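K.L.:
The structure under discussion is supplied below as structure tokens; questions concerning it will follow.
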Amino acid sequence: MDQHRGGYISKTPQKRTRDPLQRRQELCDAAIQVLADEGAKGLSHIKVDRRAQVPDGTTSVHFRTRKALIYAIAARVAELDMREFVSATDATHDAADSTDLMLSRLADLAMKSAEEPALSRTKARFELLMQAPRDPELMEIFRENTMRFAAMSLEAVAQLQPAGASPDPTLINDQAFAITTFIAGLQIGYVYGGERAMASAEKIDDYLHAVIEGVANRHQKNRFPAKG
């Protein structure tokens, strides 16, 4: 120590403390990569340490158990997904412009999920959702996102209903279910197929329109069966 005007000033450098929230996010982001690359069975605290390039034991300090780590990863995935949902729904758009309908935004989201860094999150999400039916707490983490995506699908379908026609709730629900199932199928292909099934968001948009039209045609046939 140095004496200075009757007091002492320490020469020991002050160690900066890292923001705990930032550290947890960094660890969760590294854990998403581990989960995407190695699956649930390959996830461990030490592997997250190595991926995040932090001292061994760091992840265990922040997430004491494997279950705590799993829940933290799920919350981080849900947080990043919600950011994309909010960005897609909050953007100013003109419903008369078919290039900016909600369906096109869903197609954009589906395409992004096939590319990094979102692809790793897509893979991690499926690993987590495979466990969710046996874990109500894990399922609850994704509940709000599931509801938001369903609402976006309903809005996308509602925008495409014929002008002046009375809305048919059954038809709209069936069409929304069909496009969410189609997008889920695409993402499964991204996860397990290793290749993008569609070359562009525009191509996905075309298929989503075809799905919606197909469901509408089926409803029309069921409503007015052919005479024979």
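The values are calculated or read from the model by the stated rules, or taken from the named source; none is laboratory data. This one's a predicted model, so the numbers in the text were calculated from it and none came from an experiment. Here Cβ is always computed from backbone atoms with ideal geometry, including for glycine, and neighbour counts include all displayed protein chains. We work out accessible area using only protein heavy atoms, side chains counted, and drop any ligands, DNA or RNA first. Shrake-Rupley method; radii C 1.70, N 1.55, O 1.52, S 1.80 Å.
K.L.:
In segment 21-120, what percent of the accessible surface is made up of carbon and sulfur (1.4 Å probe, ligands and nucleic acids excluded)?
P.N.:
Percent of accessible area from carbon and sulfur atoms in segment 21-120: 52.
K.L.:
Segment 127-228: D in µm²/s via Stokes-Einstein (Kirkwood Rh, Cα pairs, 37 °C, 0.692 mPa s)?
P.N.:
Values: Rh = 15.8 Å.
Approximately 208 µm²/s, per Stokes-Einstein.
K.L.:
Here is a follow-up. Quick one: Kirkwood hydrodynamic radius for segment 36-172, alpha-carbon pairs, angstrom, one decimal? Please list the in-between numbers first.
P.N.:
Working: mean 1/r = 0.0580 Å⁻¹.
Kirkwood hydrodynamic radius for segment 36-172: 17.2 Å.
K.L.:
Per-residue counts of other Cβ atoms within 10 Å, averaged by peptide: what ranking do you get for 202-215, 160-173, highest first? Walk me through the numbers before you get to the answer.
P.N.:
Details: 202-215: 17.1, 160-173: 11.2.
Ranked from most to least packed, the peptides come out as 202-215, 160-173.
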